[in-house]
Structure formats: structure tokens, C-alpha cells
């Protein structure tokens, strides 16, 4: 019988669903603050992201089923035994992250921050300026779970969508698919560049000085992937030179973003504190619960796991 340690703060209905669907397993639900090394040592499978102070490097740990889409910290040397299977929660966060970034884009486009400030002053000051997504050219750097959700919404709003991925495999919601070889060719045409890429050697500083220099003067860069995809110094230079229109950022190279970062006070930047894909959202918990149930049963039946992380590639 598999001994499964459940760490994530799932709501009661999802916990009961896991227990009901995996009734032939020994399930222990524990809050993070009550977690002990002994519990870790006795588990065959851990569901969730254990705090860093615990030792997970044990050959008896069959699998670690993360509740995060990112898995970088668990790929560091000596964190996990080579025998331990690692899965991430890719697929769980797309809807929530898409809603968050679309909110930022629409707020930026329609000057909603300006109007909110005027509301506090009881000032009636229509601008009659702004931007539309309709008819715009959007580049999605990454068309996995998150990028796919963006593509669906953007097509409904009338955008022309180009997706960047590792191969030229067609995507149902993208008008065009490119690889990194064509990135410099398409950047000059793009009104929005939306990043949902993971942190890997291949994506590190994918947008740097050369890339920003190719963008339109009113291009808006949006990042809900990983902060390392953008060269922060190159971004600051592009904003200072007004060679791009703005940046909407939920992730950063250094987190928390230092209080003295010029990004905070730039009027063409919108910042949220890495919260776009919060685990508290119902859409996230419901999807993740079903993923956990499927993978626990895959383990029981010695079947391949979904969302299995390729350690060589980093995702």
C-alpha cells in the first residue's frame, strides 16, 4: 500500500475527493507547519512542495508531485535522489494566470489606473486615449498551458496571435508558430510580447538589449513566466530610452523586487508581486486535485506519470 503524504492546502471537498478516489492508499494530510522529517522519511509519495529545510534525498521516495508549475529549486544538486520521479502542476495555473495578466493588459490599455486616481479626487477627466487588443499582433513566448489560455482569449478579442515553441507543431489558437530562430524576424511587428516560459538555460535573458532594440516603440512586454527570461538592465534601458511602450510584470530576476528598483516608480510599468497564479484559486485547486488523483493511480498501476519533469531539460 502506497504511503502518501499530502501537504497542499486544498479545500475540504478536494481532500475528500482524493481520499475517495485513492481509498486503497495510506493517505496522511498534514499542514506545512506541522510537517516533520519523520513524516517525510516514511512517505512513498509526497504531494506538494515541502519546505527547503527538509531532506528529500532518499531512494525510498518514489515520487514528488509538486503543486507548483515551476520546478527549478527541486532540480538543484542533491535535493532529490535520482530514483525519485518529479512531476509539476503544469496545467493547473493557466486559467488563473491568464485572467490576471489580461486584467493588467486591459488596465494598462484603458488607463484604468489614471481613472482610479481621478476617482479618489472626484475628478471627471475623460482621456479618450488608449489601446485595443482588437487587430493587434501578439507574440506568445511559450504556448504551453498558460500560453494556450492566452491564445484562446486573445483570438476572441480579435488579435493576431503568433506562438513561439520548440517545434513548428501547429496550435489551434495561434495564427502562426515560430521557433527561437525567427524571434528577431517577428519582434518588429509585435504590439504585445507575453512571456510564460520556464527558467532554463535556453530561456535565460531571451529578451535582452538586441531584442528590445528590435521592438516597436509602443510594444508592451508582459511576463508571467520566470523573471530570468528578461534581462532587467536591458529592460530598464529600453524603458528609459522609450524604445518600448511599457512592461507588465508579475515575476522578476530578484524577488522580492528591491524597494530601490527603478521599476517601481516608472509610470509605464505595472507590477504585481508574483501572485498571478495563486494556489488559492478554485480553478487551480480543482485541476491540481484531478492531476494528483490520476498520477497516484498511475503510480499504483506502474504507469507513466503525467507532467513528468525531464531533469536534463529542466521542465
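The values are calculated or read from the model by the stated rules, or taken from the named source; none is laboratory data. All figures in this text were calculated on a predicted structure; none of them were measured in a lab. Glycine also receives a Cβ, built like all others from the backbone with ideal geometry; neighbour counts cover every protein chain displayed.
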Any hit, the stretch 281-288, residues being crowded, with 17+ Cβ neighbours inside 10 Å, in a loop (DSSP other than H, G, I, E, B), within 17 Å of the chain's Cα centre (by Cα) and at negative phi
yes
Pairs please, first residue from the stretch 262-275 and at positive phi and touching a residue at least 24 places away in the same chain (Cβ under 8 Å), second anywhere and surrounded by 13 or more Cβ atoms within 10 Å (Cβ to Cβ) and assigned to a helix (DSSP H, G or I), Cβ atoms under 9 Å, 6+ apart in sequence or on different chains.
274/227
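Considering each residue of the stretch 247-257, count those that are farther than 20 Å from residue 204 by Cβ and assigned to a loop (DSSP other than H, G, I, E, B), and give that number.
1
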State yes or no: is residue 46 without any contact (Cβ under 8 Å) to a residue 60 or more places away in the chain, touching a helix residue (DSSP H, G or I) at 6+ places or on another chain (Cβ under 8 Å) and either part of a helix (DSSP H, G or I) or under 15 Å from residue 5 (Cα atoms) (or both)?
yes
So residue 298 clears everything in (1) assigned to a helix (DSSP H, G or I); (2) touching a residue at least 12 places away in the same chain (Cβ under 8 Å); (3) closer than 30 Å to residue 82 by Cβ except one condition, right? Which one?
(2)
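Does residue 193 satisfy the condition of being part of a loop (DSSP other than H, G, I, E, B), closer than 15 Å to residue 105 by Cβ and touching a residue at least 12 places away in the same chain (Cβ under 8 Å)?
Taking the combined requirement at face value, the residue does not satisfy it.
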By residue number, the members of the stretch 259-272 that are loosely packed, with under 11 Cβ neighbours inside 10 Å and in a loop (DSSP other than H, G, I, E, B) are 259, 260, 267
Quick one: what pairs do we get from the stretch 245-259, first residue without any contact (Cβ under 8 Å) to a residue 12 or more places away in the chain, second in a loop (DSSP other than H, G, I, E, B), C-beta under 6 Å, 6+ apart or different chains?
none
Top-ranked residue of the stretch 55-73 - restricted to ones that are in contact with a helix residue (DSSP H, G or I) (Cβ under 7 Å, 6 or more places away or on another chain) and touching a residue at least 60 places away in the same chain (Cβ under 8 Å), ranked as surrounded by the most Cβ atoms within 10 Å (Cβ to Cβ)
65
Quick one: residue 244 ticks every box in (1) outside any helix (DSSP H, G or I); (2) within 28 Å of residue 71 (Cα to Cα); (3) at pLDDT 95 or above; (4) in contact with a helix residue (DSSP H, G or I) (Cβ under 6 Å, 6 or more places away or on another chain) except a single one, so which number is it?
(2)
I need a count of the residues in the stretch 230-244 that are surrounded by fewer than 20 Cβ atoms within 10 Å (Cβ to Cβ) and closer than 12 Å to residue 213 by Cα.
5
Those residues of the stretch 10-24 which are within 15 Å of residue 284 (Cβ to Cβ) and assigned to a loop (DSSP other than H, G, I, E, B), in sequence order
10, 11
Return the total of residues in the stretch 194-208 being buried (at least 18 other Cβ atoms within 10 Å of the Cβ), out of contact with any helix residue (DSSP H, G or I) (no Cβ under 6 Å at 6 or more places or on another chain) and either over 17 Å from residue 220 (Cα atoms) or modelled with pLDDT under 95 (or both).
1
Evaluation of residue 67 against (1) at pLDDT below 95; (2) touching a strand residue (DSSP E or B) at 6+ places or on another chain (Cβ under 8 Å) (one fails), failing number:
(1)
